[in-house]
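For reference, the structure is listed below as structure tokens.
The values are calculated or read from the model by the stated rules, or taken from the named source; none is laboratory data. The model shown is predicted, which means the values in this text are computed figures rather than measured ones. Don't worry about glycine lacking a Cβ; one is built from the backbone with ideal geometry, like all the others, and counts go over all protein chains shown.
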Amino acid sequence: MSAVTSERPSAGARLAALGRTLVSPRGAVFLLLIVLLIAMAVLNPSFAEPSQFIRFVQRVAPVAIVAIGQYFVIVGGEFDLSMGSVVTAQVVIAGNLIGQDEAKSLPVLALMLAFGAFIGLVNGLIVTLLKVPSFIVTLGMMLALLGGTLYWTGGAATGNPADGFREIGRGGIRGIPVIDILPWSVVVLAVVLAAAIWFSKRPFGRTIIALGDNPTTARFSGTRNWWVKTSTFMISSLSATVAGVLLVGYAGVHPSVGRGYEFIAITAVVLGGVVLGGGRGWVVAAAAGAFALEALFTVLNFAGVPSTYRDAVQGAIIILAVAYSATTFRSRRRGRGIEASPDATSPTSPDAATPISPDAANKTSPAPAEERDAPASARPAPIPSTSRADNETKGGS
Amino acid sequence: MSTTTPTRAPRRTGSRRRLDSSLIVGIALVAVIVIGAVLVGAEGRNFFSAGNIRDILTGMSVLGFVAIGQTLVILCASLDLSVPYVVSLSSLIAAELMAGDPANIPFAVLVVLVVAVLIGLANGLIVTKLKVNGFIATLGTGLIIKGYLDSNYKGTSGEVPWEFQLIGATGVGPVPVSTLIMLAVALLAAFFLARTRTGNHMFAVGGNEQVARLSGIRTARPLIVAHVLCSVTAALAGLLLASRLGVGSPVVGTQGGYDLLSIAAVVLGGTLLMGGRGSIWGTIGGVAIFAVVDNVMSVMQVNPFLKDVVRGVVIVAAVAVYTSRSVDRRRPRFSAGAEPPAQAEPVAAADAPKGGAA
């Protein structure tokens, strides 16, 4: 396997590799996204115009940002079901506290960010210190936060933040040549995505993935698990806050504005090939999953499918997408096991992969006594047998 | 040899823990009842009056049905998020087929159960054969059912004959018939888990699928059975709701929030979300805790939005109390697995990522 890649770095091989990546679970979401975008352009030719397309991106921005936040939690091996309630709470906070006084925008924005970080901190500390499953913690937070928000407003959404604040969600830089208007949402999304990519390449970001893959080895390698995990919850709550800021401008104040966001985010992340249970996934693919999901809705809309069938189609698509990636994982497990984890092997494989593969070949057969040492030493971690085992536990269960 | 020891270990600890966790849930339930009785007493009402007890038991029955099935699925380390839609669908099918005629009752019930079995079968096959995570698979099937419901039903429909409505309306003393049926189903499920081979295999598969397979269990079958039974109990809940409402409703399941609440009740009852350990009676205790808390809040006329806050806090606090005790209990299992140094290690290694996955 490694021999093929090292001998032929020609253009054809690269194209084949690109094709393989697109067909692989990791890249499938991009293929799906391209197909859906083409379908959109065919069904509604005006959509292909840049100004229309940028409007689409603007609409997706909050979902994509929430998905990026959810990505960090999921890749760290947990769930965050409280995101939808955080979005609602932030929208209501913005609506009630800013009011028509534009001078309050910045202090309230700071308060919202602090509140978001606080919610994430509470979630994370309960998960890590009290050892309550994150599903339960964030479910409780979802109920409590939504109930508290509605209690505060008396069940009806009140307030409408100043136009200056709403401008973040619905305004933009005007007079750009091709696209006419560059919405602030798109700028925010680009910044968040860039920050997320940068962050996931940092040692801390890699630690999150290591933690999601195997908390025991992460602890042995000196990770402060509680802090890393807590920070993922803070990231997700903060991203929900940012999405709330965008939504308050785009959609206004409404008590059900964040409803269902947690499941949409999880769906998008899973569509992006991120494995529930942690340890595998790419943040860009998670964002692409959000785009694919929204593109799917748009296509259904253009195709004249009644909106009531939308859920059914969404359900079928996510099952098929995950089934596809799961079965592909199964059939190509041996290859993926080595390729997936250390980033260095796939592009510059000749140096990195060749010394590993004979080791790996040897290690499949003998007793697990050798495996015991392996997780402790960092680099040759992807021993086929162990990584195969946890692929199976994660894909299957 | 090396493969059989680890498989038995979770089962042995499972039975020991089952006792413990049920005990903790029981203590929590008693504590909730005492606090509730004091609070209700402060309002000048009697918590233990026949009417109030009937209210609590009635409140238990629907969530109880759903949670029994959910327990089986969670024991197998899967989840079922499609239950609220199955509940709605079965209430609609039942009400439409009965159409007010008592002669149609057996046929309608049969059709509802067959549909539920098919849905459960689809869930189980998607999870086991297509290797889709249970969370996603059942979210997907739930959405598909929701799409069907939204497209074909605009509101309540059908009519349930009086004879069938009696199930939801009558009681033996302060105990409603529906709760008795629910407890009977719980008894059957507990018997199924404790005494049948498939039931035992559920613990094994949920505890560690790898080890279960290596020790010769067909891992797919218990999972499929669990999903089928879960859909069936959700359908029973739907039948009960139809009998209470007198009509079928497309939103009755989602309004009850049975997906997340049943999962919360199961976890509250001491069943591990990552599978392999838990009990039906713990779940019933968890459902009872919910019912008591809800009842106390209704009697005290708490603001409906604050109810959600209290519910959320109770869920997290109760599970926190439970897990903080069980953290110590988990240690022996891991060290026991690790003590024979060479052989048992892969089990611990394969188990570790799941530990974080919860």
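Annotations
- For the range B:215-237, the condition holds for no residue, the condition being that it is touching a strand residue (DSSP E or B) at 6+ places or on another chain (Cβ under 9 Å), more than 13 Å from chain A (Cβ to nearest Cβ) and at pLDDT 90 or above.
- Among the candidates B:278, B:206, the residue that is crowded, with 24+ Cβ neighbours inside 10 Å, in contact with a helix residue (DSSP H, G or I) (Cβ under 9 Å, 6 or more places away or on another chain) and not in a helix (DSSP H, G or I) is uniquely B:278.
- Condition check for residue A:70: crowded, with 18+ Cβ neighbours inside 10 Å, under 17 Å from residue A:268 (Cα atoms) and assigned by TED's automatic domain parsing to the domain that holds residue A:327: yes
- The range B:282-317, residues that are facing chain A (nearest Cβ under 9 Å) and touching a residue at least 12 places away in the same chain (Cβ under 8 Å): B:307, B:310, B:311, B:314, B:315
- Residue within the range B:226-243 that is assigned to a loop (DSSP other than H, G, I, E, B) and farther than 21 Å from residue B:118 by Cα present: no
- Hits in the range B:90-116 - residues which are within 18 Å of the chain's Cα centre (by Cα) and closer than 18 Å to residue B:259 by Cα: B:90, B:116
- Test: residue in the range A:89-108 that is at the interface with chain B (Cβ under 8 Å from one of its Cβ atoms), assigned to a helix (DSSP H, G or I), under 21 Å from the mean Cα position of the chain (by Cα) and not β-branched (Val, Ile, Thr): no
- Output for the range B:267-281, where each listed residue is in contact with a Lys or Arg (Cβ under 7 Å, 6 or more places away or on another chain) and at the interface with chain A (Cβ under 10 Å from one of its Cβ atoms): B:274
- Residue within the range A:120-139 that is more than 14 Å from every other protein chain (Cβ to nearest Cβ), surrounded by fewer than 20 Cβ atoms within 10 Å (Cβ to Cβ) and either outside any helix (DSSP H, G or I) or not aromatic (Phe, Trp, Tyr) (or both) present: yes
- For the range B:149-157, the count of residues that are in a helix (DSSP H, G or I), within 14 Å of chain A (Cβ to nearest Cβ) and in contact (Cβ under 8 Å) with a residue 24 or more places away in the chain is nonzero.
- The lone criterion from (1) surrounded by fewer than 18 Cβ atoms within 10 Å (Cβ to Cβ); (2) at pLDDT 80 or above; (3) under 20 Å from residue A:112 (Cβ atoms); (4) among the hydrophobic types (A, V, I, L, M, F, W, C) left unmet by residue A:162 is number (2).
- Test: residue in the range A:9-24 that is surrounded by fewer than 18 Cβ atoms within 10 Å (Cβ to Cβ), at pLDDT below 80 and outside any helix (DSSP H, G or I): yes
- Applying the set (1) part of a helix (DSSP H, G or I); (2) within 14 Å of chain B (Cβ to nearest Cβ) to residue A:164 leaves exactly one unmet item: (2).
- Qualifying positions in the range A:97-115 - aliphatic (A, V, I, L, M) and closer than 12 Å to residue A:165 by Cα: A:97, A:98, A:103, A:106, A:108, A:109
The rows are residues; the columns are (1) within 14 Å of chain B (Cβ to nearest Cβ); (2) not aliphatic (A, V, I, L, M).
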residue: A:215; (1), (2): yes, yes
residue: A:221; (1), (2): yes, yes
residue: A:225; (1), (2): yes, yes
residue: A:229; (1), (2): yes, yes
residue: A:234; (1), (2): no, no
residue: A:242; (1), (2): no, no
residue: A:245; (1), (2): no, no
residue: A:251; (1), (2): no, no
residue: A:254; (1), (2): no, yes
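- Residue among B:74, B:56, B:68 that is hydrophobic (A, V, I, L, M, F, W, C) and out of contact with any Ser or Thr (no Cβ under 7 Å at 6 or more places or on another chain): B:56
- Output for the range A:98-110, where each listed residue is buried (at least 16 other Cβ atoms within 10 Å of the Cβ) and either at pLDDT 85 or above or under 20 Å from residue A:261 (Cβ atoms) (or both): A:108, A:109
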